């Protein structure tokens with residue numbers, strides 16, 4: 001929730017309140033990965049999305065105790081194993097309040113690294129270039 005703006009020596013500070021939504025990893029064998037997470041962590045499929053062009057599948061796994069999910073991305077043309085630099089791993093934070101004001105704040109910080117207005121999302125990156133997806137609370 002956007003509560004207020006404060007002026008400090010470092011610049012504008014915005015209080016953002018949100019909750020983590022999901023963590024994404026890319027996988028090379030979707031069925032094997034689903035089976036592993038079911039067996040190893042007790043996670044089960046809660047929803048699935050197929051790309052309209054058939055290029056990828058997203059499978060969301062949950063623990064039935066929280067709303068946090070593990071998003072498995074299966075790129076159908078990808079055959080070789082992922083290297084850390086190729087993997088699209090990211091955290092996602094759903095923010096309360098005025099989503100456009102939060103995005104404006106992040107742009108002013110210079111940390112927005114990707115935007116997709118059609119999908120209604122954007123990413124910020126930390127000092128180590130780890131990406132965090134920012135979405136509004138549904």
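The values are calculated or read from the model by the stated rules, or taken from the named source; none is laboratory data. Because the structure is predicted, anything quoted here is derived from the model rather than measured. As a convention, Cβ positions derive from the backbone with ideal geometry for all residues, glycine included, and neighbour counts pool all protein chains shown.
Side notes on the structure shown:
- The lone exception for residue 74 - which of (1) crowded, with 17+ Cβ neighbours inside 10 Å; (2) closer than 21 Å to residue 126 by Cα; (3) modelled with pLDDT of 90 or more it fails: (2)
- Whichever residue in the stretch 23-44 is touching a helix residue (DSSP H, G or I) at 6+ places or on another chain (Cβ under 7 Å) and farther than 25 Å from residue 123 by Cα and, among such residues, is surrounded by the fewest Cβ atoms within 10 Å (Cβ to Cβ): 44
- Residues in the stretch 77-98 that are under 21 Å from residue 124 (Cα atoms), in a loop (DSSP other than H, G, I, E, B) and touching a strand residue (DSSP E or B) at 6+ places or on another chain (Cβ under 7 Å): 87, 88, 89, 96.
- Residues of the stretch 30-61 satisfying the condition of being in contact with a strand residue (DSSP E or B) (Cβ under 8 Å, 6 or more places away or on another chain), assigned to a loop (DSSP other than H, G, I, E, B) and in contact (Cβ under 8 Å) with a residue 12 or more places away in the chain: 43, 55
- Number of the exception - residue 64 against (1) surrounded by 14 or more Cβ atoms within 10 Å (Cβ to Cβ); (2) part of a loop (DSSP other than H, G, I, E, B): (1)
- Within the stretch 113-128, considering residues that are assigned to a strand (DSSP E or B) and surrounded by fewer than 17 Cβ atoms within 10 Å (Cβ to Cβ), the one modelled with the lowest pLDDT: 125
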